[in-house]
Amino acid sequence: MNDPHINVNIKVCGTKSRRGKLQCVGRANVLVDSGATHSMIPRGMLDAVGIASSGQMNASLADGKSVEYQTAKARVCMMGDGPDAGKGVCANVIVGVVDGEHIATVGASTLHALKVKMEFGARRSIVGSGEVIESDRKR
């Protein structure tokens, strides 16, 4: 099946280390929503790494509705897949906080902060800082 969506593996980390190590939690198959300004991260992921909400933002949805979200500052890492699973690119970004089992999404501001280049079409790929993060190219 030819899925037009791009999904990536991410880690969300606290922005301050505890005993010299950042606390992180990962999630696989996160939707890249290049049409959204901000990434949306479930509150449970942020709670797991000790991140509290710190502000508010208003967002306009595709259907024209306006909604208000809490925001938080988190370290978001887009991770490689396959043999490069341990590699990734990271940036501290402001994310929207969503409640419940909302699907985590990676938005344009995070892609920009990660310096990610995306290719669409028959040979999709995502490249961050010179490393291929995810690709459906034949190897």
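The values are calculated or read from the model by the stated rules, or taken from the named source; none is laboratory data. Since the model is a prediction, treat every value here as computed from it, not as a measurement. Here Cβ is always computed from backbone atoms with ideal geometry, including for glycine, and neighbour counts include all displayed protein chains.
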Point to revise | Condition check for residue 61: surrounded by 17 or more Cβ atoms within 10 Å (Cβ to Cβ) and either within 13 Å of the chain's Cα centre (by Cα) or modelled with pLDDT under 85 (or both) | key: no
Of those in region 2-24 that are at pLDDT below 75 and among the small types (Gly, Ala, Ser), the residue nearest to residue 114 (Cα to Cα) is 17
Among 133, 103, 94, the single one that is of a type in the set (A, V, I, L, M, F, W, C), loosely packed, with under 15 Cβ neighbours inside 10 Å and either at negative phi or at pLDDT 70 or above (or both) is 103
Among the residues of region 12-19, are any of a type outside the set (Gly, Ala, Ser), touching a Cys at 6+ places or on another chain (Cβ under 8 Å) and crowded, with 19+ Cβ neighbours inside 10 Å?
yes
